[in-house]
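The values are calculated or read from the model by the stated rules, or taken from the named source; none is laboratory data. What you see is a predicted model, and the numbers here were worked out from it, not measured in a lab. Methodologically, a virtual Cβ is constructed for each residue, glycine included, from the backbone with ideal geometry; neighbour enumeration extends over all protein chains shown. Areas reflect the complete protein model, heavy atoms only, side chains present, ligands, DNA and RNA absent. Shrake-Rupley method; radii C 1.70, N 1.55, O 1.52, S 1.80 Å.
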Amino acid sequence: VEKNYDDLYELGLSAFAKRNFDQAIKHFEDYTDHKIKQLQEIESKESELHEKKEQTRTEIILGLRAAGDTHYSNYQFDKALAQYERGMEFVSRDETPELWAEIMIYIGVANHEIGIRTEGLEVQRHLNAAIEAYNNALKVYTRDQLPQDWAMTQNNLGTALSQQGIRTGGEEGAKLLAQAVVAY
């Protein structure tokens, strides 16, 4: 063991076994200091990697949102929706709740635009998806904490509910219109 000068812990055990306590203490303390330094280096690298990972994730979302916005501006709402939904793969409500809610709004708006431009069952499916997305965003955009975002989302929700109510008609349509009034 004493010939293996690279392993301070083993050298400490050897010195301890020989009852050379001063030498054992020195080896164990040197060993511990070395391990603390190793741990600090690992933690520093982890922190750097975490920051780089989050920056890259943000850049991905930025790119997907820009692509979605471009499709949206070109009236390609289905393609915009696909880009916004893809962005949800890279965002977590727990880690970045406001960004998550923002993407929910984009998903809602795209679904709303598709819903008012389509026919048949697709109308209800997309308007329902828009309403669900707005309601999800309202879990983050609260009146107390983010009043402007909350108000914008309530307005979007009211518009989607009113469109759904008009297209549904009858008693169910009247209920949806009443919900739209509450949202507004």
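Given the condition modelled with pLDDT of 95 or more, open to solvent by less than 30 Å² (accessible area, probe 1.4 Å), in contact with a Lys or Arg (Cβ under 9 Å, 6 or more places away or on another chain) and of a type in the set (G, A, S), answer yes or no: does some residue in region 95-104 qualify?
Yes: one or more hits.
Go through region 113-152 and give me each residue that's touching a residue at least 12 places away in the same chain (Cβ under 8 Å), among the small types (G, A, S) and closer than 27 Å to T96 by Cα.
Within region 113-152, A129, A130, A133, A137 qualify.
Within the set of pairs 6+ apart or on separate chains, which have a first residue in region 34-63 that is open to solvent by 100 Å² or more (accessible area, probe 1.4 Å), a second that is not in a helix (DSSP H, G or I), and C-beta atoms under 8 Å apart?
Between residues of region 34-63 that are open to solvent by 100 Å² or more (accessible area, probe 1.4 Å) and residues that are not in a helix (DSSP H, G or I), there is no close pair.
In this structure, does R93 turn out to be in contact with a helix residue (DSSP H, G or I) (Cβ under 6 Å, 6 or more places away or on another chain) and more than 25 Å from W150 (Cβ to Cβ)?
no
Kindly indicate which of T32, T70, T56 is under 30 Å from W150 (Cβ atoms) and either of a type in the set (F, W, Y) or in a helix (DSSP H, G or I) (or both).
Exactly one residue qualifies, and that residue is T70.
Can G120 be described as closer than 19 Å to Q164 by Cβ and in contact with a Phe, Trp or Tyr (Cβ under 7 Å, 6 or more places away or on another chain)?
no
Identify, by number, the condition in (1) surrounded by fewer than 18 Cβ atoms within 10 Å (Cβ to Cβ); (2) without any contact (Cβ under 8 Å) to a residue 40 or more places away in the chain; (3) within 16 Å of Q124 (Cβ to Cβ) that G165 doesn't meet.
Among (1) surrounded by fewer than 18 Cβ atoms within 10 Å (Cβ to Cβ); (2) without any contact (Cβ under 8 Å) to a residue 40 or more places away in the chain; (3) within 16 Å of Q124 (Cβ to Cβ), G165 violates only (1).
Given the conditions (1) free of Cβ contacts under 8 Å to residues at least 12 places away in the same chain; (2) more than 17 Å from the chain's Cα centre (by Cα), report the number of the one that E89 does not fulfil.
E89 satisfies every listed condition except (2).
Looking only at region 117-143, count how many residues are hydrophobic (A, V, I, L, M, F, W, C), surrounded by 13 or more Cβ atoms within 10 Å (Cβ to Cβ) and over 25 Å from the mean Cα position of the chain (by Cα).
Summing the residues that are hydrophobic (A, V, I, L, M, F, W, C), surrounded by 13 or more Cβ atoms within 10 Å (Cβ to Cβ) and over 25 Å from the mean Cα position of the chain (by Cα) in region 117-143 gives 1.
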